[in-house]
Amino acid sequence: MAELAIPHHPAVAIEAIETVWRGRTALQQVRFTVQGFGGRRIGPATWEVLRRGRAVAVLPYDPAADLVVLIEQFRLPALAAGMEPVLIEAAAGLVDAGESEEEAARRETEEETGLALRALEPAGRFLLTPGVADETIAVFIGRVAAPQAGADGVAGHAGLDHEHEDIRVIVVPALAAFAWLDEGRIVNATTAIALYALRARRDALRQRWT
């Protein structure tokens, strides 16, 4: 199987690439040198790079009701980090081959919340863990009609059985979600970015989308 390439950069010389594990994503060992800020050559160094590729995240928002739709699900790496493993998150996932980020955003929102997006507002593209992985995430705010929720805020369950997903859909007022952000209750970085973006654009989106 061919190695995943690393794009050319004039300051970087790739000496060797070995894919040491491959599933849906791949783990590579890369030996390289790089031209430092002072002009000297640094290396060779060997880094492990997790090749995850493109991902998307969507914060579903109902501008008429001023409600945010979030999800809760178990995350084993959070437990490994010694943190509460059930995280409050935005809908998110990897972009499939041949799929645009906008198409992936609509698909992931439907899979993880059961909702259809009426509009998408881009909120930026970010590197998640640049010291370890090549994964980028395109963050969107998505216009939805929020589902009815119970007194506990739970609006139902979602997720794909073949991906072993067990997702709880929750609906909260936007101001409550912002308070969770300020209180440190939102520990998923992507979700925090999406909520900060909504807080900055909320008034404009409510005008435009209603």
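The values are calculated or read from the model by the stated rules, or taken from the named source; none is laboratory data. Every value quoted in this text rests on a predicted model; they were computed, and no experiment measured them. Cβ: placed from backbone, ideal geometry, glycine included. Neighbour counts: every protein chain shown.
Some observations on this one:
- Residue pairs whose Cβ atoms lie under 9 Å apart, separated by 6 or more positions or on different chains, with the first residue in the stretch 21-38 and modelled with pLDDT of 95 or more and the second among the aromatic types (F, W, Y) and assigned to a strand (DSSP E or B), are L27/W21; Q28/W21; Q28/W47; Q29/W47; V30/W47; R31/W47; F32/W47.
- The residue pairs whose first member lies in the stretch 100-127 and is in the same structural domain as R201 (by TED's automatic domain parsing) and of a type in the set (G, A, S), whose second member is assigned to a loop (DSSP other than H, G, I, E, B) and crowded, with 16+ Cβ neighbours inside 10 Å, and whose beta carbons are closer than 8 Å, counting only pairs six or more residues apart or on different chains, are A104/V95; A105/L117; G114/P147; A116/V144.
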